[in-house]
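**Q** Quick one: structure below, then a few questions.
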Amino acid sequence: MPQAIRIFHCDDSAAFTRLVRHWLADHEGLEHVGAAHSGVEALRGLAGARPDVVLLDTMGAPGDTSLLAGIRAAAPHARVIVYSGYVGILAPDQLGGEADGYVRKGDDEHALVAKIHAVAGT
C-alpha cells in the first residue's frame, strides 16, 4: 500500500483548520499530521511533523513571504500550497510566488485534494 501524503496546515482560523482536517479524513491516502495558527507555531511544529505538503494560509498578510521562506527552511522537502481567500484576487508573486500550488479557500474540498495530489506527484 502506498505511503499516505502527510499534510501540515497553517491557518489563523482554528475553525477552518478543523473543517480541512475533516475533509482530509474523508480521503484515503491523506494524513493530517499537524496544524499551526501562527507563523511561530508553524515553524516550531514542522520539524516533528515531517510533512509532504504544507497548506499555507496568508494569515491576513498576503504580501508577507517570510513565513513561506521559513517553511522552506524548516521542511525543505515539503511542497507548499498557498490556500487562501486571496488566490485569484492577487497575483502569485504577491502571494509568495515560490509556492508549489495555489487553491482558493472558496473552492470545494475536491479542488484542494486534487491540488495536494498534483504537488505530491501522486
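What follows draws every value from the coordinates through simple rules; no lab data is involved. Every value quoted in this text rests on a predicted model; they were computed, and no experiment measured them. Because the Cβ atoms are built from the backbone with ideal geometry, glycine has one as well, and the counts that use them run over all protein chains shown.
**Q** Relative to the present Cα-Cα distance, how much length would full extension add between Trp23 and Ala73 at 0.36 nm per residue of separation?
**A** So the chain would gain 15.2 nm between Trp23 and Ala73.
**Q** Right, here's the next one. Can you give me the long-range amide H partners of Leu30? Hydrogens built in the peptide plane at 1.01 Å from N, cutoff under 5 Å, separation of 5 or more residues or another chain.
**A** Those lying under 5 Å, H to H, from Leu30 are Ile5.
**Q** So for segment 1-117, Kirkwood radius off the Cα pairs, Stokes-Einstein at 25 °C and 0.890 mPa s: how many µm² s⁻¹?
**A** 176 µm²/s
**Q** Also: May I ask for log10 I(q)/I(0) of segment 31-73 at q = 0.28 Å⁻¹, from a Debye sum over the Cα atoms as equal point scatterers with solvent left out?
**A** Here log10 of I(q) over I(0) equals -1.14.
**Q** Okay, moving on. Please order Val40, Val20, Val54 by the number of other Cβ within 10 Å, starting at the fewest.
**A** With the fewest neighbours first, Val40, Val20, Val54 line up as Val40, Val20, Val54.
**Q** As a footprinting exposure proxy, order Tyr83, Tyr102 by other Cβ within 10 Å, with the fewest listed first.
**A** Placing the least packed residue first, the sequence is Tyr102, Tyr83.
**Q** If you average the sequence gap of Cα pairs under 8 Å that are 6 or more apart and divide by the length of segment 5-120, what percent do you get for the contact order?
**A** Worked out over segment 5-120, it gives 24 percent.
**Q** May I pose another question? Before rounding to the nearest 500, sum -39500 (n - 2.57) across all DSSP H runs of length at least 4 in the chain and divide by the residue total; then give [θ] at 222 nm in deg cm²/dmol.
**A** Only helices count here, giving -11000 deg cm²/dmol.
**Q** Taking the beta-carbon count within 10 Å as an exposure proxy, list Leu55, Leu68, Leu43 from fewest neighbours to most.
**A** Leu43, Leu68, Leu55
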